[in-house]
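Have a look at the structure below before the remarks.
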Amino acid sequence: MADYEVQCYLCKKKFKAMAGTKIFKQVKQNRKGMHCCEECKWKVELEARLNFGRRLL
């Protein structure tokens, strides 16, 4: 099995993209793209939900 070691564009930490995951497929298709780790992805999604909720009020 092949794994990719990718640098998160938000926190600049390196993380592994394991074979069979969604991020692995994205890295395989676009090696030089902007990819983020699970922790940063969660933070971005949370912030987006909070901002969306604020707009509805």
Given the structure, is ALA17 without any contact (Cβ under 8 Å) to a residue 24 or more places away in the chain and more than 12 Å from the chain's Cα centre (by Cα)? no
Return the residues of region 31-45 that are closer than 11 Å to CYS11 by Cα and either assigned to a loop (DSSP other than H, G, I, E, B) or open to solvent by less than 80 Å² (accessible area, probe 1.4 Å) (or both); say none if nothing qualifies. HIS35, CYS36, CYS37, CYS40, LYS41
If we scan region 4-13, do we find a residue that is among the aromatic types (Phe, Trp, Tyr), touching a Phe, Trp or Tyr at 6+ places or on another chain (Cβ under 9 Å) and assigned to a helix (DSSP H, G or I)? no
Positions within region 20-30 being touching a residue at least 12 places away in the same chain (Cβ under 8 Å) and either part of a strand (DSSP E or B) or open to solvent by 80 Å² or more (accessible area, probe 1.4 Å) (or both), in sequence order: LYS28
Need the failing condition index for TRP42 against (1) hydrophobic (A, V, I, L, M, F, W, C); (2) in contact with a helix residue (DSSP H, G or I) (Cβ under 6 Å, 6 or more places away or on another chain); (3) modelled with pLDDT of 95 or more, just the number. (2)
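The values are calculated or read from the model by the stated rules, or taken from the named source; none is laboratory data. Model, not experiment: these values are computed from the prediction. Backbone-built Cβ (ideal geometry, glycine too); neighbour counts: all protein chains shown. Surface areas here come from the heavy atoms of the whole protein model, side chains and all, with no ligands, DNA or RNA. Shrake-Rupley method; radii C 1.70, N 1.55, O 1.52, S 1.80 Å.
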